[in-house]
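Enquirer: Below you will find the structure I want to go over with you.
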Amino acid sequence: MARISSVAELEELRKDILSKREPGKPWIAFCGGIGCLCLGNDRVISAFAEEIRKQSLEAKVGLRMTGCHGFCEKGPSVVIYPEEVCYLEVTPEDVPEIIAQTVVGKKVIDRLVYTDPKTGEKAAHLFEIPFYRNQTRFLIGNNPRINPRSIDDYLAAGGYSALAKALFEMSPEQVLAEIKKANLRGRGGGGFPAGLKWETARNAPGEEKYVIVNAHEGEPGAFMDRALFTGNPHCVLEGLIIGAYAIGAHQGFIYTRHDNPQLRENIDIALAQAKEYGLLGENILGSGFNFNVEVHLDIGIFVSGESSALMRSIEGKAPEPRPKYIRTSVSGIWEKPSNLNNVETWANVPMIINKGSAWYAGIGTERSKGTKLISLSGKVCNTGVVEVPLGTPLKEIVYGIGGGIPNGKKLKAVHFGGPMGGSLPESLIDTPLDFDALAKLGAPMGAGAMLVIDEDTCMVDLARHFLEFLAGESCGKCVPCREGIRQMLKILTRITKGKGKEGDLELLEELAGVTREAALCALGRSAPNPFLSTLKYFRDEYEAHIKEKRCPALSCKELSASGGAKKNE
């Protein structure tokens, strides 16, 4: 690799990369997402490599390990370009037939393409499959096309053109203004306007400032940030560099999980490649702007993803939250102004700079702009990573993309935000995917984990399950969180075992109110959300458990269908 010293050299390199690629040459993209790898995609890849070697096709067919394709339910998946033929649930035994029939013979193998379970209709191409067809994949759309360990693949797709534009055609103030006009809201959970956070850090006293990528994503059921960052690390990195330029920071940090070696390796490779090309380090692209990035790993606890706890962790201290009257945008890492955004927020930045704030603001609702990545899981036919415009009705996500509820069951609820989120009943399924609309109904979007719940799920036990998780993850620093969660869990556990009593719900509401008001950080303040939302919309289930000793969902083992605790309790 040669260091790039100007925009002209960057564009010359891009042209050179594209000139060496044969548009009509067949190549095979393998989903490198953790879901497909767990399903044996490594054996599928090895089988393809061996079959191509056997047939002496190495010079005629390319193989590319890409990021997560999104359709986790149907992995392992492969896409054959340039036609974009998509095969699902591929096994090593299918490989010889795929090479002979599709790669060489240009014929589609019907049994491997997507088949609609309800209509029997088949979709041979990626863009025809309803799961993909009904999405708007601006952020994750390149995942099936690029090798995340190849900066050249990212450059071939137009990568780092937004950085060049920001550095040479815009002042830091103009970049900041563009982000504010786009009304990009943070995708990490709070939905706070990113531009205002950037502005606060930029205007804070002191020359030394920091920017951070929060790639912790410890929320159970959330996996969209990992899919995006593992599959396209340069997109996030480019956004981070642009943000640093706008804020006036020369040092950045990536805070990510210790238990995802694939993500860490891809990040390290991306940083090394960007530095070698001159896109990181001193005098980026000859602009005079200097910026470096360090990677820090979490210590395996949920609360370390909280903003102030994360910053303490980067400092080498225990990841405990600080009081919120201390704003990290003004006094964060080592008491310096520090701007923290999550993976998805940073990934939006290059798109906004390239296409303009007016274009971006034209997507979504009045106050929620752009697209949103969703981790779709639970009792739904098609699980995976979904990207849709904000404002999309939840019904469209569950049925149009998710394919509905399996096994003929009925939809009962959808839950957002993991252990600190809330549930909405089936009657509110037409609610738009919107920061404010969901928060108003008691189910804040959070980072975007969407759990689909069917009629067999007990909502009381679901609330207990989330509180059980949070009780184990609380750092214990403040009494309202540490003791409030434990006491709520104790009462809910009694209720699910048929030992609930009159006054339990009132006591739970009182504990929830104190915890929300007095806890130090977002974990404690949000911990009561699952209970409060399920009580609001499914109070009859709580009362059935307490008054009738009955679980309507037939889920709580200690309770019988007709009422009364089991004799062996």
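Every number here is computed from the coordinates shown, using simple stated rules; none is lab data. This structure is a prediction, so every number in the text was calculated from the model and none was measured. Neighbour counts are summed over all protein chains in view; Cβ atoms, including those assigned to glycine, are modelled from backbone coordinates with ideal geometry.
Enquirer: Once fully extended, how much extra length lies between C38 and E83, figured as 0.36 nm per residue of separation less the alpha-carbon to alpha-carbon distance? Walk me through the numbers before you get to the answer.
Expert: On the way: separation 45, 0.36 × 45 = 16.20 nm, distance 2.70 nm.
So the chain would gain 13.5 nm between C38 and E83.
Enquirer: Follow-up. Most exposed first by the Cβ proxy, i.e. fewest other Cβ within 10 Å, how do K372, K412 rank?
Expert: K412, K372
Enquirer: Moving on to the next point. How much length, in nm to one decimal, is gained on full extension between E11 and I326, taken as 0.36 nm per residue of separation minus their Cα-Cα distance?
Expert: Difference between extended and current length: 109.0 nm.
Enquirer: What is the magnitude of the charge dipole of the stretch 22-133 about its Cα centre, with +1 placed on the Cβ of each Lys and Arg, -1 on the Cβ of each Asp and Glu, and no other charges, expressed in debye to the nearest 20?
Expert: Numbers: 13 positive and 16 negative charges, 33 e Å.
It comes to approximately 160 debye.
Enquirer: If you put +1 on each Lys and Arg Cβ and -1 on each Asp and Glu Cβ, how big is the dipole of the stretch 333-440 around its Cα centre, in Debye rounded to 20?
Expert: 220
Enquirer: Under a plain spin-label model, where a point goes 7 Å from the Cα along Cα-to-Cβ, how far apart in nm are A272 and N354?
Expert: 2.6
Enquirer: Next question. So who's got an amide H within less than 5 Å of the one on C68, skipping anything under 5 residues away but keeping other chains? H placed 1.01 Å off N, in plane.
Expert: Counting only residues 5 or more places away or on other chains, the set is G32, G33, G231.
Enquirer: While we're on this one: Can you list which of the DSSP-assigned H helices in the chain have a Cα extent of 27 Å or more along the long axis and an average Kyte-Doolittle score of at least 1.0?
Expert: none
Enquirer: Follow-up question, since we're still on this one. Counting only helical runs of four or more DSSP H residues, what would the 222 nm mean residue ellipticity of the chain come to if each run contributes -39,500 (n - 2.57) and the total is spread over all its residues?
Expert: Dividing the helical sum by the residues of the chain leaves -11000 deg cm²/dmol.
Enquirer: If you don't mind, another one. Answer rounded, prolate or oblate for the stretch 22-133, using the Cα gyration tensor with square roots of eigenvalues a ≥ b ≥ c: rounded when a/c is under 1.5, else prolate when a/b is larger than b/c, else oblate.
Expert: Note, shape of the stretch 22-133 comes out prolate.
Enquirer: Given points 7 Å out from each Cα along the Cα-Cβ axis, report the T493 to D456 separation in nanometres with one decimal.
Expert: 2.6
Enquirer: So which of K20/K74; K20/K54; K409/K501 end up more than 29 Å apart by C-alpha?
Expert: K20/K74; K409/K501
Enquirer: At a threshold of 8 angstrom on Cα-Cα distance, excluding pairs fewer than six apart, so keeping six or more, what relative contact order does the chain reach in percent?
Expert: Reported as a whole number, the value is 13 percent.
Enquirer: Would you order F531, F469 from fewest to most other beta-carbon atoms within 10 Å of each residue's own beta-carbon?
Expert: F469, F531
Enquirer: Moving on. K477: which lysines have alpha carbons under 21 Å from its alpha carbon, excluding same-chain residues fewer than 8 sequence positions away?
Expert: Cross-link targets: K317, K324, K490.
Enquirer: What shape does the chain take by its C-alpha gyration tensor, where a ≥ b ≥ c are the square roots of the eigenvalues and a/c under 1.5 counts as rounded, a/b above b/c as prolate, and the rest as oblate?
Expert: Details: a/c = 2.12, a/b = 1.23, b/c = 1.72.
Oblate shape, in that a/c is at least 1.5 and b/c is the bigger or equal ratio.
Enquirer: Hey, got the dipole for the stretch 459-547? About the Cα centre, +1 on K and R Cβ, -1 on D and E Cβ, debye to the nearest 20?
Expert: That gives a dipole near 240 debye.
Enquirer: Rounded, prolate or oblate: which fits the stretch 159-361 when a ≥ b ≥ c are the square roots of the eigenvalues of the alpha-carbon gyration tensor, with rounded for a/c under 1.5 and prolate only if a/b beats b/c?
Expert: Values: a/c = 1.40, a/b = 1.22, b/c = 1.15.
In terms of gyration-tensor shape, rounded.
Enquirer: Separate question: What full-extension length gain, to one decimal in nm, is calculated for E558 and K410 as 0.36 nm per residue of separation minus the Cα-Cα distance? It would help to have the intermediate numbers written out before the result.
Expert: Values: separation 148, 0.36 × 148 = 53.28 nm, distance 2.40 nm.
Extending this stretch completely gives an extra 50.9 nm.
Enquirer: What is the spin-label model distance, in nm, from E396 to K122 if the labels are put 7 Å beyond Cα along the C-beta direction?
Expert: Placing both labels 7 Å along Cα→Cβ, they lie 3.0 nm apart.
Enquirer: If you don't mind, another one. Of F48, C36, G67, which is farthest on the positive side of the dipole of the stretch 34-92, counting Cα position, with +1 on Lys and Arg Cβ, -1 on Asp and Glu Cβ, and the Cα centre as origin?
Expert: Farthest along the dipole direction, towards plus: F48.
Enquirer: Say a paramagnetic label sat at a point 7 Å from the Cα of Q174, along Cα to Cβ; which residues of the stretch 217-257 have their backbone N under 16 Å from it?
Expert: Output list for this probe position: 242-243, 245-247.
Enquirer: Another question about this same structure. At a 10 Å Cβ-Cβ cut-off, how would you order T457, T515, T431, fewest neighbours first?
Expert: T431, T457, T515
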